[in-house]
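The values are calculated or read from the model by the stated rules, or taken from the named source; none is laboratory data. Computed from a predicted model, the values in this text were never measured in an experiment. Note that we place each Cβ from the backbone using ideal geometry, even for glycine, and neighbour counts take in every protein chain shown. Side chains included, ligands, DNA and RNA excluded: accessible areas come from the protein's heavy atoms. Shrake-Rupley method; radii C 1.70, N 1.55, O 1.52, S 1.80 Å.
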Amino acid sequence: MKRIAIVGGGTGGTVLANRLADELAPEIDAGDVEVTLVTDDPDHVYKPLYLYVAFGEREAQEARRPISELLDSRVELRINRVVSIDTDEKRLSCQDGGTTLDYDYLVLSTGAKLTPEDVPGLKEGGHHFYGPDGAEALRDDLAEFTGGHLVLSVIGVPHMCPAAPLEFVFMADDWLRERGRRDDVEITYTYPIGRAHGLESIAEWATPELEKRDINVETFFNADEVDPEEKVIRTMEGTEMDYDLLVAIPPHSGDDLIKESGLGDDGWVPVDKETLEADAAADVYAIGDTADVPTSKAGSVAHYEAGVVADRLASRVRGHTPTAIFDGKTVCFIESGMDEATFVEFEYGRQPTVRDPSKFVHWAKLSYNESYWLTARGLL
């Protein structure tokens, strides 16, 4: 029997498990292949919804569904936390101390975690919208924010949903105008490098849009301390910025499991960018935010990577030479306000073309938010 183990129940892990269950159904039914997904959270979370929670457009609980409802019945689900990986013995050990899982092929989809504590004062002085508690706290404070300086500071790079910081300031601008508060609120957007976004073409589109909406832009702005009492951000460059409401993109890190298992020094797994095979161990793959590849940490990347790894594993199980490769394909909606959005698509070595925002694309994004659960099930 060939045993395929997947660690992580986010977009990448869930889509991969369902794709494998579909592609290898005859082998699984015959008892020749076993697919097991191990995750420490019984719920699957669709994180992009939290941006809408911050503006009171959605409820936080709408972003969660039991993962057991999303997985094909051919996939064995284990709710546990993997605490060590022995890549020589091909064995996983779990948190309960007694559970081990042997594998022939391992796929890591452990995602990214927020580490605001890496910046002194940030946890106490800043908001974020990358989880339910943060999004709800931001929603409540934003609802009461009638005037002052609203700062969105991108501190952590790379980070999940690379377009989300721009989306937030564009949506905040619209949201405040709708409520007659915009004249009393100064909005500033900061980015750590010399332009408004890591992708040049998106920065070229966003910069005049930000200027048109009277949103200040500060580049080469690297916050290394937040003073929550004085409401001041201090930077590595030696500058300071006052704020009344701070929304930060916190630093991100990979899972400690990756570092402790010797698969990646910083929690991200170095992989071949086309095959997604780990550099440090045979028969190990990484997808989603876990994979250190030269593209965005976005849900669409995890989705496309999952399809490639499913095809490659199916070939290997059947004794064929794998031919599927990941070309870096990324698809991203970008909200440009409360009722308009744009859309970009790109791959390795190609910059995205930013289309004119429209209401149609905005509604397409909202429709995708509703149909995402079909994607997780492997139906889209």
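Cβ-Cβ contacts under 7 Å between residues 6 or more apart (or on different chains), taken from a first residue in the range 41-56 that is within 19 Å of Leu138 (Cα to Cα) to a second residue that is in a strand (DSSP E or B) and among the aliphatic types (A, V, I, L, M), are listed as Lys47/Met160. When Phe129 is tested against (1) open to solvent by less than 10 Å² (accessible area, probe 1.4 Å); (2) of a type in the set (A, V, I, L, M, F, W, C); (3) in a helix (DSSP H, G or I), just one condition goes unmet, and that condition is (3). Considering the range 205-218, the residues that are without any contact (Cβ under 8 Å) to a residue 40 or more places away in the chain and under 25 Å from the mean Cα position of the chain (by Cα) include one that is surrounded by the most Cβ atoms within 10 Å (Cβ to Cβ), namely Val217.
Checked against the criterion of being within 30 Å of Met171 (Cα to Cα), assigned to a loop (DSSP other than H, G, I, E, B), within 15 Å of the chain's Cα centre (by Cα) and not polar (S, T, N, Q), the range 298-316 has at least one qualifying residue. Residue count for the range 108-126, restricted to those that are among the polar types (S, T, N, Q) and either outside any loop (DSSP other than H, G, I, E, B) or under 13 Å from Gly156 (Cα atoms) (or both): 1.
Condition check ((1) of a type in the set (Phe, Trp, Tyr); (2) outside any loop (DSSP other than H, G, I, E, B); (3) open to solvent by less than 10 Å² (accessible area, probe 1.4 Å)) across all residues:
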| position | (1), (2), (3) |
| --- | --- |
| Pro158 | no, no, no |
| Leu166 | no, yes, yes |
| Met171 | no, yes, yes |
| Thr188 | no, yes, yes |
| Arg195 | no, no, no |
| Gly198 | no, no, no |
| Phe220 | yes, no, no |
| Glu225 | no, yes, no |
| Arg234 | no, yes, no |
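Quick one: which residue in Ala302, Ala341 is closer than 17 Å to Glu204 by Cα and either out of contact with any strand residue (DSSP E or B) (no Cβ under 7 Å at 6 or more places or on another chain) or surrounded by 14 or more Cβ atoms within 10 Å (Cβ to Cβ) (or both)? Don't jump to the end; show me each part of the working.
Details: Ala302 fails: closer than 17 Å to Glu204 by Cα.
None of the other options fit; the residue is Ala341.
Each residue in the range 258-283 was checked for being part of a strand (DSSP E or B), closer than 15 Å to Val82 by Cβ and open to solvent by 20 Å² or more (accessible area, probe 1.4 Å), and 0 pass. For Ile334, indicate whether it is of a type in the set (A, V, I, L, M, F, W, C) and either open to solvent by less than 70 Å² (accessible area, probe 1.4 Å) or part of a helix (DSSP H, G or I) (or both). When the stated conditions are applied, Ile334 passes them.
When Thr375 is tested against (1) part of a helix (DSSP H, G or I); (2) open to solvent by 70 Å² or more (accessible area, probe 1.4 Å); (3) in contact (Cβ under 8 Å) with a residue 12 or more places away in the chain, just one condition goes unmet, and that condition is (2).
For the range 1-74, please list each of the strands (runs of 3 or more DSSP E) lying entirely inside it that holds at least 2 residues being open to solvent by 30 Å² or more (accessible area, probe 1.4 Å).
2-7, 43-45, 64-66
Each row is one residue, and each column tells you yes or no for (1) out of contact with any His (no Cβ under 9 Å at 6 or more places or on another chain); (2) over 16 Å from Ile334 (Cα atoms); (3) of a type in the set (Asp, Glu).
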residue	(1), (2), (3)
Pro158	no, yes, no
Pro162	no, no, no
Arg177	yes, yes, no
Gly180	yes, yes, no
Pro192	yes, yes, no
Ala203	no, no, no
Ala206	no, no, no
Asp224	yes, yes, yes
Glu240	yes, yes, yes
